[in-house]
Amino acid sequence: MNANNTQTIATPEQLKSAVWDAVENQIVTDIHTHLFSPPFGDLLLWGIDELLTYHYLIAEVFRKSEVSYEQFWAMTKTEQADLIWQTLFIENSPVSEACRGVVTTLDALGLDVRSRNLQDYRQYFAETTVEAFIDTVFEQAKVSKVVMTNDPFDPAEAPVWASGDTGDARFEAALRMDVLINTYQETGYEHLRGLGYDVDPNLLTEKSYKEVRRFLETWIQRMNPKYMAVSLPPDFEYPHDGILGRLFDNCILPISREFNVPFALMIGVKRAVNPQLQMAGDGTGKADLTSLETLLRENPDNKFLVTLLSRENQHELCVIGRKFKNLMIFGCWWFMNNPSIIEEITRERIELLGLSVIPQHSDARILDQLLYKWKHSRQVIADVLVEKYQTLLDVGWTITASEIERDVNNLFGGNFDRFLNGS
């Protein structure tokens, strides 16, 4: 340990420098992304055209362009990217968080953002291999590992899992269960039957429970996931006398306990508010967190990772976090992933829960996004920490750089590791 790290911080300038150094240099475990390792082929998105056609930007371009939905979806990806670049970056200043993220990414890659030359940016990616680009992004973003989102029902993923070779070990798995939980009667049970599991469409028999548990056990052993996960609508209810309740109580929660694999709940998404926007058409709604309280209280031996999509739910989630040690609150998900809201939520969580949270995940869908999402979030989180440490210095509490580094390490990886590995 550097001897200077044990010296007491005496001034606001020293404090800001120590916090920023710790946050900027901390290697991150990104606990929730939609990224994939190279063996998954086209599921791994990267490059300027993917960055520009991110669904946040697709939603935004319709607010400034006269193009119809039909015209846009008939375009090639390159044509879509051209339209978005011209509309949101040339004809308008790119000040939204999604637009700013593209500019931050280009700058982080050493590209000349002053030129605004989209063809030059495309040329950079054309001359780069995906393997080399992964190394560049992980190094510059200071990310050591990312957790993927892995759907066992996705036919594009199945061959990779069957091969046993998922490639780059920096990409770790999460077992996503949206098809199983949210669409069991529509398509989920048919998928299970197609995979050789003898389940009934109403999930009413012990035999069906055993088959679903066998399915989950098989995929846990195959993927070695960091957690199981599902995104849920704002009207999620627990206990529940339907399919969801039977899946939770008889299948998912017992397997979660048996294998010590946390269950991640991402609550608050309203699907297809505007179907014409396709992936960009989802919205958000405020959830009743009584169901979450009940789930935590009635399953004390299960571990739950939780993030919520509605800003209005954040304070109540923090209060719930004070009551249940089997809950780990994580990240600023989706529409929450904007600097002003990250600042508010981070301050609120620290004030109520101290340093016992995971302040952020990237939710990146395009590899390049690790560069801007972590850069922007680090800036906000560092500022909040400076403020909180300063309140301690103001009353005479002593702080050293090594203590700050310890705290930052916990926030950006240590808390996650201990939560996963604890009994």
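All of the numbers you see were taken from the coordinates with simple rules; none came from a lab. Owing to the predicted nature of the structure, the values given are computational and were not obtained by experimental measurement. FYI the Cβ positions are ideal-geometry reconstructions off the backbone, even for glycines, and counts take in every protein chain you see.
Picking from LEU277, LEU289, VAL319, whose Cα lies most toward the positive end of the charge dipole for the chain (charges on Cβ: Lys, Arg +1; Asp, Glu -1)?
Farthest towards the positive pole: VAL319.
Considering only GLY164, PHE36, LEU111, whose Cα is most displaced toward the positive end of the charge dipole of segment 15-174, charges sitting on Cβ of Lys, Arg (+1) and Asp, Glu (-1)?
Sorting the options by dipole projection puts first LEU111.
According to a simple spin-label model (label point 7 Å from Cα along Cα-to-Cβ), what is the distance in nm between ASN260 and GLN119?
With each label placed 7 Å out from Cα toward Cβ, I get 5.8 nm.
About its Cα centre, how strong a charge dipole does segment 249-405 have in debye, to the nearest 20, once Lys and Arg get +1 and Asp and Glu get -1 at the Cβ?
280 debye
Residues with amide H under 5 Å of TRP333's amide H, sequence separation 5 or more or different chain, H placed in the peptide plane at 1.01 Å from N; which?
Those qualifying (amide H under 5 Å, at least 5 residues apart or on another chain) are LEU308.
Starting from a Cα-only point model with no solvent, please compute log10 I(q)/I(0) by Debye for segment 313-423 at q = 0.10, 0.22 1/Å.
Calculated log10 I(q)/I(0) at the listed q: -0.30, -1.36.
Report the label-to-label distance for LEU204 and GLN390 in nanometres (one decimal), using points 7 Å from each Cα along the Cα→Cβ vector.
6.4 nm
Largest first, please: the extent of the C-alpha atoms of the chain along each principal axis, to the nearest Å.
Taking the Cα atoms of the chain, the three principal extents are 65, 57, 40 Å.
Rank the residues LEU88, LEU180 as a footprinting-exposure proxy: fewest other Cβ atoms within 10 Å of their Cβ go first.
Placing the least packed residue first, the sequence is LEU88, LEU180.
Applying the Karplus parametrisation 6.51 cos²θ - 1.76 cosθ + 1.60 with θ = phi - 60° to the phi angles of segment 183-190, what ³J(HN,Hα) value in whole Hz is obtained for each residue in order, glycine and proline being reported as x?
Per residue, the Karplus-derived 3J(HN,Hα) values read 9, 4, 6, 6, 9, x, 5, 5 Hz.
Can you give me the long-range amide H partners of LEU45? Hydrogens built in the peptide plane at 1.01 Å from N, cutoff under 5 Å, separation of 5 or more residues or another chain.
PHE36, LEU367
Taking amide H positions as placed 1.01 Å from N in the peptide plane, with prolines and chain starts having none, which residues 5 or more places from ALA264, or on another chain, fall under 5 Å of its amide H?
MET228, ALA229, VAL230, LEU305
Which of VAL160, VAL230, VAL269 moves most in a GNM of the chain, Cα contacts under 10 Å?
It is VAL160.
Work out from phi, with θ = phi - 60° and the Karplus expression 6.51 cos²θ - 1.76 cosθ + 1.60, the ³J(HN,Hα) of each residue of segment 165-174, listed in order in whole Hz, and give x for Gly and Pro.
Listing the rounded values in order: 10, 9, x, 3, 5, 6, 9, 9, 9, 9 Hz.
Using 7 Å Cα-to-Cβ label points, what is the SER163/SER68 separation (nm, one decimal)?
In this crude spin-label approximation the distance works out to 4.2 nm.
Can you give the charge dipole size of the chain about its Cα centre, rounded to the nearest 20 debye, using +1 on the beta carbon of Lys and Arg and -1 on the beta carbon of Asp and Glu?
740 debye
Which of PRO234, LEU305, TRP333 sits farthest toward the positive end of the charge dipole of the chain, with +1 on the Cβ of Lys and Arg and -1 on the Cβ of Asp and Glu?
LEU305
By the gyration tensor of its Cα atoms, with a ≥ b ≥ c the square roots of the eigenvalues, what is the shape of segment 262-319: rounded for a/c under 1.5, prolate for a/b over b/c, or oblate?
prolate
Residue by residue, what Karplus-based ³J(HN,Hα) values in Hz, rounded to whole numbers, does segment 155-160 have, using 6.51, -1.76 and 1.60 with θ = phi - 60° and x for Gly and Pro?
Result, rounded to whole Hz: x, 6, 8, 3, x, 5.
Work out the length of the dipole vector of segment 1-124 about its Cα centre, built from +1 on the beta-carbon of each Lys and Arg and -1 on the beta-carbon of each Asp and Glu, and round it to the nearest 20 debye.
Its charge dipole is roughly 180 debye.
Local charge sum around ASP135 (other residues, Cβ-Cβ under 11 Å, Lys/Arg +1, Asp/Glu -1)?
Result for the local shell: -2.
So in the chain, what percent of DSSP beta bridges are antiparallel if you round to the nearest 5?
10 percent
Can you give the FRET efficiency to the nearest 0.05 for LYS286 and GLN7, using r as the Cβ-Cβ distance and R₀ = 41 Å?
Efficiency, from the Cβ-Cβ distance: 0.30.
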